[in-house]
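Since the structure comes first, as structure tokens, the remarks are kept for the end.
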Amino acid sequence: MIDKLHLTVAPGELVEVTGPSGAGKTTLLRLLHGQLRPTAGEVWVEGRALHKWWRRDLDRIRHDVSFLFQEQRLLGRLTALENVVLALMVNEPDTPYREIQQRASGALDALGVGHRRDAYPHQLSAGERQRVAVARALVSRPRVLLADEPFTAIDRDNAQVVARMLEEAAAHGTAVVVATHRPSGRASRVVRLPDGVVEEGNHRPAPANGSRAAKLGWRRLVESNGHSNGQSNGQSNGHSNGHFNGKARANGHKNGSASPARPAAVPRWKRYSALVENSFRLVVLGGLRSWRRDLRFNAPAMQTLAMVLLLCGLLALVGISLGRSAATAEVQASTVRVYLSENATDGQISALKDKFTADARVASVRQVSAAEAKQEASGRPGLSTLAGLSDSNPFPASLDVRVKLVTEVSAVAQIANGDPAVDPAYPTSYDPDVYGRLRSIAIGVGLVGGVLLLLFAFIAYAVTANSMRAVAAARREELTTLRLLGARHWMLRDPFVIEGLMTGAVAGLVAGALVAVAYLLAMRFADATYVQLLPGVGLTATRFVIAGVVIAGMVLGIATAVLSFRRVRA
């Protein structure tokens, strides 16, 4: 709890906040950094009211306000250089990547750890990790630097290096606030908590060319940033003030020459080009690296998702086959075959044909001779055997009457009744129950297929979502660090989308390949046995099914990644 604290920090000033453990030192810094929401009072940082609009524009605030964490918060999967490069990329995505690398290397050189740039955090000593963290915090030349216990758990020599760099940062216009257990004697003022007493220190802000011990290191840092060595001091017109009243209130703004120098303006096209390149590195390449690293979490989801997508693909092939068979059956059902009597004359047949043609419900009439009927029957399974049982032709001549609407078949078939050209024993092929059976079959197949697809989709989503939540939970600390470094929302979310996209795409490709294999086996079986497993399904339909399986996998992967990220972010 922080109460009744009034504090003004000018650019170029180094202020130390001291007090025993639990006095509120870290709380004060976290309030200024937007990590905590004030329960009362006001907090102003860089002219923004955090007490009113907490979390709004925090990424912009953290572009100018760096935080030096007590626990360093270096990302274990990145080298020392990559940790500093990442911090620059998330804060200055429109800076060319080559310049970012140069500045990051210069910052590590300035802190004396340039020779360890390729080492991972677990390979560094405590002092080296702290200096890498300082390089990450100072590389963008922030307007405000908040350092939480920067001298804890490091030896005296490393503490001296860190302290001198903080002092040199203040000498060049950065407002530095350090939380520490005891005053170092380097601060211009000391704030003692929990009482909130502000004491003038014995140390005055050093001029930009003072602090000889850190002069060379800071010059390297400035040169790596491409900045000028503009001089500033704590008594300039520009100021950054913090005013705490009640629970917490701070107000800060800057102007004049005291602020750290910023890079010269670069052409807009260069900034856009750099933004695209860095976005590709952060989102696409970062997401692919994360997917490969998290493969142990993604592999079970890919296997299950591939199996579900395979079942969906096979079900789609069967559905297409049934649909085309039903369409063929519907066409056949809308065609009435009127069987002609053996004694019918050409005139009687012609009169009957004209009677059907004159009916508005009839689409077409085709006369089929007995020889043509036998030839058609020989091409159908089962009927070819029947045609070969006798030397005579068992198939009579007929008129194939195509009705426009299948519901009108019954009425059209009645026209043939009693006509002298029609066979009185078996006049037509009309079956009054066939339409009802077709409709029932179509509805049943549609319902069963729809339920199965929904079930498969739910299983696929549940499995993939569990996998992505495991990935998100494993990376929670990394995401938190990136947010504290000032990463925009899309920088955190979009790599997750790429990871989910890859998971779904690989599963979809595997399932699509298996669907293709199943189709080829079905065709081979049909060639060997003359029995079609997938009647009406051709290569084009199979390609569409494979494409649909792959796209479905990608959509499921993206959807689960976005929802999992939202849950972790919340």
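The values are calculated or read from the model by the stated rules, or taken from the named source; none is laboratory data. Keep in mind it's a predicted model, so treat the numbers as computed, not measured. Ideal geometry is used to build each Cβ from the backbone, glycine not excepted, and the neighbour counts take in all protein chains shown.
Tabulated data for the structure shown
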read-out: Residue check, Thr385 assigned by TED's automatic domain parsing to the domain that holds Leu514, at negative phi and at pLDDT below 85; value: no
read-out: Yes/no for Ser440 being touching a helix residue (DSSP H, G or I) at 6+ places or on another chain (Cβ under 9 Å) and hydroxyl-bearing (Ser, Thr, Tyr); value: no
read-out: Qualifying residues in the stretch 176-191 (those that are assigned to a strand (DSSP E or B) and in contact with a Gly (Cβ under 7 Å, 6 or more places away or on another chain)) - the one surrounded by the most Cβ atoms within 10 Å (Cβ to Cβ); value: Val190
read-out: Filter result for Ala559 (modelled with pLDDT of 80 or more, out of contact with any Gly (no Cβ under 6 Å at 6 or more places or on another chain) and closer than 22 Å to Phe458 by Cβ); value: yes
read-out: Test result for Ser290, small (Gly, Ala, Ser), in contact with a Gly (Cβ under 7 Å, 6 or more places away or on another chain), outside the structural domain of Val406 (by TED's automatic domain parsing) and buried (at least 18 other Cβ atoms within 10 Å of the Cβ); value: no
read-out: Candidates Gln35, Gln101, filtered to the one that is assigned by TED's automatic domain parsing to the domain that holds Pro142, more than 27 Å from Gln160 (Cβ to Cβ), free of Cβ contacts under 8 Å to residues at least 24 places away in the same chain and polar (S, T, N, Q); value: Gln101
read-out: Residue in the stretch 11-26 that is buried (at least 20 other Cβ atoms within 10 Å of the Cβ), over 29 Å from Ala126 (Cβ atoms) and either at pLDDT 85 or above or over 29 Å from the mean Cα position of the chain (by Cα) (or both) present; value: yes
read-out: Single match in Gly19, Gly76, Gly12 (criterion: among the small types (Gly, Ala, Ser), free of Cβ contacts under 8 Å to residues at least 60 places away in the same chain and touching a His at 6+ places or on another chain (Cβ under 9 Å)); value: Gly76
read-out: First in the stretch 353-375 and in the same structural domain as Leu399 (by TED's automatic domain parsing) and closer than 16 Å to Ala413 by Cβ, second anywhere and surrounded by fewer than 17 Cβ atoms within 10 Å (Cβ to Cβ) and among the β-branched types (Val, Ile, Thr), Cβ under 7 Å, 6 or more apart; value: Val365/Thr357
read-out: Sole residue being among the charged types (D, E, K, R), surrounded by 20 or more Cβ atoms within 10 Å (Cβ to Cβ) and at pLDDT below 85, chosen from Arg469, Arg475; value: Arg475
read-out: The stretch 74-95, subset assigned to a loop (DSSP other than H, G, I, E, B) and of a type in the set (Asp, Glu), residue surrounded by the fewest Cβ atoms within 10 Å (Cβ to Cβ); value: Asp94
read-out: Residue under evaluation Arg30, criteria (1) part of a helix (DSSP H, G or I); (2) closer than 30 Å to Arg289 by Cα; (3) over 28 Å from the mean Cα position of the chain (by Cα), criterion not met; value: (2)
read-out: From the options Val308, Val283, residue that is in contact with a helix residue (DSSP H, G or I) (Cβ under 6 Å, 6 or more places away or on another chain), of a type in the set (A, V, I, L, M, F, W, C), surrounded by 18 or more Cβ atoms within 10 Å (Cβ to Cβ) and closer than 30 Å to Ile100 by Cβ; value: Val283
read-out: Any chance Leu36 is outside any loop (DSSP other than H, G, I, E, B) and either at negative phi or touching a helix residue (DSSP H, G or I) at 6+ places or on another chain (Cβ under 6 Å) (or both); value: no
read-out: Positions within the stretch 481-528 being surrounded by fewer than 20 Cβ atoms within 10 Å (Cβ to Cβ) and among the acidic types (Asp, Glu), in sequence order; value: Asp527
read-out: Helices (runs of 4 or more DSSP H) contained entirely in the stretch 421-535, each with at least 2 residues that are of a type in the set (Gly, Ala, Ser) and without any contact (Cβ under 8 Å) to a residue 40 or more places away in the chain; value: 434-474, 489-529
read-out: Selected residue (criterion: surrounded by the most Cβ atoms within 10 Å (Cβ to Cβ)) from residues of the stretch 534-551 that are small (Gly, Ala, Ser) and more than 27 Å from the chain's Cα centre (by Cα); value: Ala541
read-out: Among (1) surrounded by fewer than 16 Cβ atoms within 10 Å (Cβ to Cβ); (2) at pLDDT 85 or above; (3) acidic (Asp, Glu), the one test that Asp195 misses; value: (2)
